[in-house]
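To start, the structure itself, in structure tokens.
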Amino acid sequence: MENMQNNEIQTKNVKEKGFQWYLKSGEGGNIAGQFNLGNCYRYGIGTTKDEEKAFQWYLKSAEGGEHTGQNNLGDCYYYGTGTTKDEKKAFHCYLKSAEGGNSDGQNNVGSCYKNGIGIVKDVKKAFQWYLKSAEVGNSDGQNNVGCCYKNGIGIVKDVKKAFQWYLKSAEEGNFVGQSNLGECYYYGMGTTKDEEKAFQWYLKSAEGGEHTGQNNLGNCYRYGIGTTKNEEKAFHWYLKSAEGGNIRGQNSLGSCCQHGIGTTKDEEKAFQWYLKSAEGGENTGQNNFGNCYRYGIGTTKDEEKAFHWYLKSAEGGSIRGQNNLGTCYRYGIGTTKDEEKAFQWYLKSAEDGNIVGQNNLGNCYYYGIGTIKDEEKAFQWYLKSAEGGNIVVQNNLGDCYYNGTGTTKDEKKAFHWYMKSAEGGNINGQNNLGYCYENGIGTIENKQKAFQWYLKSAKGGNSDGQNNIGDYYKNGIGISKDEEKAFHWYLKAAEKGNNKAQNSLGFCYENGIGTIENKEKAFQYYLKSAKGGNSDGQNNIGYYYKNGIGITKDEEEAFQWYLKAAEKGNIKSQYDLGFCFENGIGTIENKEKAYQWYLKSAKGGNSDGQNNIGHCYKNGIGITKDEEKAFQWYLKAAENGNSKAQNNLGFCYENGIGTIENKEKAFHWYKISAEGENNDGKYNLGCCYLLGEGTTKDERKAFQWYLKAAEGGHKFGQNSIEYCYRNEIEISKLMQNITTKEVKLTLIDNLTSFHNNYCCICWQTSSCNEICKKYFQDFGICYNCGDLNMNKNICPNCKLIEISYLSKWSSGNYEIDKIIQMTQLDKNANEWEIWRWIDYSKLNNIKYLDEGGFGSVWKAEWINIPMALFKFYNSNQVALKKLKNSQKISSEFLKELSANFKCRDKYVLPILGITQDPITEEYAIVLRYMKNGNLRDFFEQNKIVPWIERLWLLESFIRGLKVIHGKGFIHRDIHPGNLMVTEKFNNDSKLKFIRLGDLGLCRFVNEILLSDVYGVLPYVAPEVLNKHQYTQASDIYSVGIIMWVISTGKIPFSYRAYDLELTLEILKGLRPEIKEGTPQCYVELMKKCWHEDPSERPIVEEILDISEKWIYEFMYDGKTECSIMFLNAEQERENVNSKLFYNETNHPGISLTSKPLNPIICNLLPTIRLSNFDINNINLDNY
């Protein structure tokens, strides 16, 4: 410590002695002494600092011709040191010094000419004087020559020469030159870029105290330029630079304090340093200082002051300041809004290379802000900004190429710029890049890469990316499906205010996707989305108000939201708005406006709108009817995949609406609609298969499609299923999955046990062909051709089995064997149309049921019933009709078999086979067992039968008669005892239907001449009673009486004997009394059927058409005249005590089974002329 003090004392003594010697020399007139004495006074060396004395001694030295003194005197005049500041005198002194060969003077003269100090500005002369100074080794001059070459000042720009002069200056130890040389290495200016060398020269300059170099060295440490990144060291050098008064350093130090770089974040200190820099004239500092006032950083927010400093910065040439000033003018921040000025400042910033300014200028051209809209110029500026590395604009440039905005559309270039933006970390670019990968835009579609980029965007906080990543997790796109993660990402995006995500989140709550279903929360998020302007959210909130979901129903509010979304161009809402106008929902009904909104939706590509426009044109709703236009719009919608329109297009082709009728095309479009899950399409496709329109008739497929429609809630489909069940339309295969309440487990167990011992193909014991055993489990699948039912002669191998099988049995009667074999060899026969010789021992639990005209009826269980029959009928119970005196086969028995063979149909009570009682040797016909008995039994057991059930009973009975008449037969014995009733189960409903049986008297029309009268009296036609002449019209008379039975549930004329008196009255025109309340349309048809003139009676096809029409209207259209009649009758039936109708006792003289009627009328009728006979004149006691 003492040594240091001693050294300081010694140094002080030396300086004081030096001063004394300079004083002696100066006072003695020595110009060098005078110069040095000036330095002592200027800097306080060996004496007290005294700038005025320094000036005096410099003046003496200069006047004496000392060139360095002249230079220093120039400094005094330039800075006003010890004298009044005078730039002209400064220049004069510098010039004398320079002309005298002083390199500092030459350098200073150069500066005067460069900056117009004390002389007119002349950059060429400036360069010449700098060069003179530099060439004699002045490092300042060398640095300044470098600056001239760098910036083209007074000489042609030449960065290589600039580099060379900076190098000379730096190597001479000039700190400014070292800083500039570092800059050359940093930017690769006049030399190869080398950040490490840049760092080294900045370090030399900084350590030498050059404040610009210190700032530059701080940048190196801040950004890791040529050295390891070190924010603390960056802060240290910025601080040195700033404290040294460097305005750039002050700006940099402000940035560190603002953002906490290398120091604790302190916005107030940042504000102070920005202030110093700004006041020092540093335009970047002024810009940052403006930011402080604009955003309230370290000070109170003050937009007017922000504008003031942006203006200073901009006028000072700061491209950032110019950009921010443009923004102030654009939005009216701190000044009056002026878009034209905004444009001008953006233009300045952009032209000087500011990439943000270039982007904003592009926006001005794109939107026409302060200038004429010009998308091509917008594109050009976006391109400049993007090429300058602006990742935001790179994304925007991608949009330009994607949309063809200001340039030719180019998806590959769009992808390229989205990729640059994304790789640069721009979250919007990452989202758009994901979209490109998702949809194969400018690249190959890749859902996994799409997911990855959406995820980057989402994690970066981009709400669109978060929404998209939610979609990917929701739908399992590019990643495993995870609804909880989907919900999570939707929630993040929704909380950021993303209205798409808010809509998606509403959908999650609505449907319980990734969260618990909550309609109220769904409503809330849809509402947020809607209020945020999302048209999908607005549409959904409209739907919620319309249907009262999660909120009280409010159709007017629904209408308003649909209107908002529609006006934004939402094509779904345009469709919904049209629907509101069409149906007066939340507004006054207006078909014309409905049409207009449907048209907007349709032109926008909404297939529902296209379908409804078709509907408008088809029906003339809000527009003139035009079926051709209707067809065209249906076609557009159908081709767009709209299943409703596909169904409607099918309807157009089916009925020739707006196009040529084409059943095949109708079928085609119905099929597409049905496969698209449209219930109308499913129903219509079922109809095509049922009727064989446009395709091959296939009742099984018809049933399947009706079932699909019914399961979808389609009323017609549900009723058609009922139709199928009642008509037993090809459901045997489907019945495998239907278990009714009547099937007992013991029965199934018995059948299973049986099939372990009997072959499913030939139905023989286990000693049958080994092939049969092998394929038994496939229920008769041919090992050769793969088709079902091997006993139908499908392939040669099957035929061998069949022949072998047929040779093993015989009824003992050639005619019976022949007719059985004929059914078995009929390859077109259904399973229930095939007859079999049935071993009587395979019939168990045989029980007597009833006695008929020709024999007795029994009930039995067929233990080895073929599985196909069992599945079709859901039972192994059969009925046996044992024929009296049939030990020997009579011609009448064979005629009955022949009639049944020729009339085989599901609507006629089917024969399943023939057997013979081994004890009585009576032959028996094995029939389907009808569990509800005959029609008479049915009404005895069911006192209350709805009218729709009565109509179904009539319809199913008429179908059977249509088959018989269609084959050219007359039944001749129609009465309730031959109308057998059973039921099918459809869910909990028992669907009743009739099968017409007992074809014992059935004959061809041309076989019947005069014959005996046989039957049940009230059902026999008058002409038969009179002339014994049977015709098909005679059967129709019976239909009329059956209609009466169906309408009343009673026995006709049950209150009197079936005798001659009744016969004569029937001949006179007596008919059963029509029950009050019977629908008039029903009465009219009934009367036509029992008309006394056979030629006035309808044919069976007409009756079937009318009955089906009644059913259709009853089930589907309750507004027709007939349907109203039936509905009223049904209402009246429900209001009346059913017991009032069923308290009658039958007369003992009635006969309910068929019998010969000849004993009653054979001696009477041939002698009576019906035209003039009077029943009152006949003495019945004579008969």
>> Looking at the structure I just gave you, is residue 904 assigned by TED's automatic domain parsing to the domain that holds residue 828 and either part of a helix (DSSP H, G or I) or at negative phi (or both)?
In response: yes
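Criterion first (modelled with pLDDT under 95, of a type in the set (Lys, Arg) and over 30 Å from residue 1130 (Cβ atoms)) does residue 1050 satisfy it?
no
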> Which residues, counting only those in region 108-153, are under 21 Å from residue 175 (Cβ atoms), of a type in the set (Gly, Ala, Ser) and in contact with a Ser or Thr (Cβ under 9 Å, 6 or more places away or on another chain)?
Replying inline: 110, 133, 134, 137, 139, 141, 146
> For region 459-502, how many residues meet the condition of being part of a helix (DSSP H, G or I), without any contact (Cβ under 8 Å) to a residue 12 or more places away in the chain and within 16 Å of residue 447 (Cα to Cα)?
Replying inline: 1
> So which residues in region 169-180 are part of a helix (DSSP H, G or I), crowded, with 21+ Cβ neighbours inside 10 Å and not aromatic (Phe, Trp, Tyr)?
Replying inline: 169, 170, 176, 177, 178, 179, 180
> When region 677-703 is examined, which residues are found to be crowded, with 16+ Cβ neighbours inside 10 Å, part of a helix (DSSP H, G or I) and more than 33 Å from the chain's Cα centre (by Cα)?
Replying inline: 690, 699
>> Condition check: within 30 Å of residue 556 (Cβ to Cβ) and surrounded by fewer than 24 Cβ atoms within 10 Å (Cβ to Cβ). Does residue 536 satisfy that?
In response: yes
>> Here are the criteria: (1) crowded, with 18+ Cβ neighbours inside 10 Å; (2) within 30 Å of residue 260 (Cα to Cα). Tell me which single one residue 224 does not satisfy.
In response: (1)
> Is there a residue being farther than 20 Å from residue 362 by Cβ and touching a Lys or Arg at 6+ places or on another chain (Cβ under 9 Å) anywhere in region 384-391?
Replying inline: no
> Out of curiosity, is residue 302 out of contact with any Cys (no Cβ under 8 Å at 6 or more places or on another chain) and modelled with pLDDT of 95 or more?
Replying inline: yes
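Residue-by-condition table, conditions (1) in contact (Cβ under 8 Å) with a residue 40 or more places away in the chain; (2) out of contact with any helix residue (DSSP H, G or I) (no Cβ under 6 Å at 6 or more places or on another chain); (3) more than 22 Å from residue 137 (Cα to Cα):
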| site | (1), (2), (3) |
| --- | --- |
| 168 | no, no, no |
| 192 | no, yes, yes |
| 199 | no, no, yes |
| 209 | no, yes, no |
| 214 | no, no, yes |
| 236 | no, yes, yes |
| 246 | no, no, yes |
> Pairs, please: C-beta under 7 Å, at least 6 apart or cross-chain, first residue on the phi > 0 side of the Ramachandran plot and in region 297-309, second in a loop (DSSP other than H, G, I, E, B)?
Replying inline: none
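When region 219-234 is examined, which residues are found to be in contact with a Gly (Cβ under 7 Å, 6 or more places away or on another chain) and either within 19 Å of residue 184 (Cβ to Cβ) or without any contact (Cβ under 8 Å) to a residue 24 or more places away in the chain (or both)?
220
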>> Please verify whether residue 413 is closer than 30 Å to residue 512 by Cα, surrounded by fewer than 24 Cβ atoms within 10 Å (Cβ to Cβ) and charged (D, E, K, R), treating the condition exactly as stated.
In response: no
> Only one of (1) assigned to a helix (DSSP H, G or I); (2) modelled with pLDDT of 95 or more is not met by residue 1098, so which one is it?
Replying inline: (1)
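Per-residue answers, yes or no, for (1) modelled with pLDDT under 90; (2) within 23 Å of residue 1051 (Cβ to Cβ):
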{"residue": "841", "(1), (2)": "no, no"}
{"residue": "854", "(1), (2)": "yes, yes"}
{"residue": "861", "(1), (2)": "no, no"}
{"residue": "901", "(1), (2)": "yes, no"}
{"residue": "919", "(1), (2)": "yes, no"}
{"residue": "929", "(1), (2)": "no, no"}
{"residue": "932", "(1), (2)": "yes, yes"}
{"residue": "947", "(1), (2)": "no, yes"}
{"residue": "950", "(1), (2)": "no, yes"}
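In region 628-664, how many are over 16 Å from residue 616 (Cβ atoms), not aliphatic (A, V, I, L, M) and not in a helix (DSSP H, G or I)?
6
The values are calculated or read from the model by the stated rules, or taken from the named source; none is laboratory data. Note that the coordinates shown come from a computational prediction; the quantities given were computed from them, not determined experimentally. Glycine gets a Cβ as well: all are built from the backbone with ideal geometry, and neighbour counts include every protein chain shown.
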